[in-house]
């Protein structure tokens, strides 16, 4: 029989649920303050017998609409391995914090290995835009002249 190389328990009842917690911090915060918010969230989880397995800072991004007079926000994602009451406490304290303008916690079956989609997306943006050709738009075919249209109408 093969051995389980994962650090998670094999029995379903022994395994703690997995969560992804994403919060948006105010745009006027410095990066050090955003990192402190992530560390505070990690401390809340670890003080309650949970574990934060990964923290990703997605940076300052444009919002689709204004939230509490903010047009941009700092995005941070935490992978959490903890019981539900720990997540409830994390959400309670996140809701109290004035620096956090939005948050969401999602229960997942397993955490994604490697960088998240948002981190891969930002890597793609550094290489020069969309698609393999680079640039904002693909090549366009030359415009047809007016005579081509007139000749086809006869």
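The values are calculated or read from the model by the stated rules, or taken from the named source; none is laboratory data. Nothing here was measured: the structure is a model prediction, and the numbers come from that model. No Cβ is skipped: glycine too gets one built from the backbone with ideal geometry, and neighbour counts run over all protein chains shown.
Among the candidates 60, 90, the residue that is in contact with a strand residue (DSSP E or B) (Cβ under 7 Å, 6 or more places away or on another chain) and within 30 Å of residue 15 (Cβ to Cβ) is uniquely 90.
Mind checking whether some residue in the stretch 72-82 is touching a residue at least 40 places away in the same chain (Cβ under 8 Å), outside any strand (DSSP E or B) and over 21 Å from residue 33 (Cα atoms)? Show your work before the answer.
Of the residues in the stretch 72-82, the ones touching a residue at least 40 places away in the same chain (Cβ under 8 Å) are 72-82.
Applying the additional criterion that residues be outside any strand (DSSP E or B) yields 82.
If we keep only those that are over 21 Å from residue 33 (Cα atoms) as well, we get 82.
Yes, the stretch 72-82 contains at least one residue that is touching a residue at least 40 places away in the same chain (Cβ under 8 Å), outside any strand (DSSP E or B) and over 21 Å from residue 33 (Cα atoms).
Got a number for residues in the stretch 91-117 being loosely packed, with under 15 Cβ neighbours inside 10 Å and assigned to a helix (DSSP H, G or I)? The number of residues fulfilling the criteria is 5.
Okay, residues lined up against (1) loosely packed, with under 15 Cβ neighbours inside 10 Å; (2) at pLDDT below 95; (3) under 18 Å from the mean Cα position of the chain (by Cα); (4) not in a strand (DSSP E or B):
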site	(1), (2), (3), (4)
1	yes, yes, no, yes
10	yes, yes, no, yes
13	yes, yes, no, yes
45	no, yes, no, yes
56	no, yes, yes, no
60	yes, yes, yes, no
65	yes, yes, yes, no
85	yes, yes, no, yes
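When the residues of the stretch 121-130 are filtered to those that are under 14 Å from the mean Cα position of the chain (by Cα) and surrounded by 11 or more Cβ atoms within 10 Å (Cβ to Cβ), which remaining residue is modelled with the lowest pLDDT?
Here is the first cut: in the stretch 121-130, the ones under 14 Å from the mean Cα position of the chain (by Cα) are 121-123.
From what is left, the residues that are surrounded by 11 or more Cβ atoms within 10 Å (Cβ to Cβ) are 121-122.
Numbers: 121: 67, 122: 60.
By that ranking, first place goes to 122.
Applying a threshold of 9 Å to beta carbon distances and a minimum spacing of six or more residues, or different chains, the list of pairs starting in the stretch 40-54 at a residue that is closer than 10 Å to residue 90 by Cα and ending at one that is in a loop (DSSP other than H, G, I, E, B) reads 40/97; 44/50; 45/82; 48/82; 48/83.
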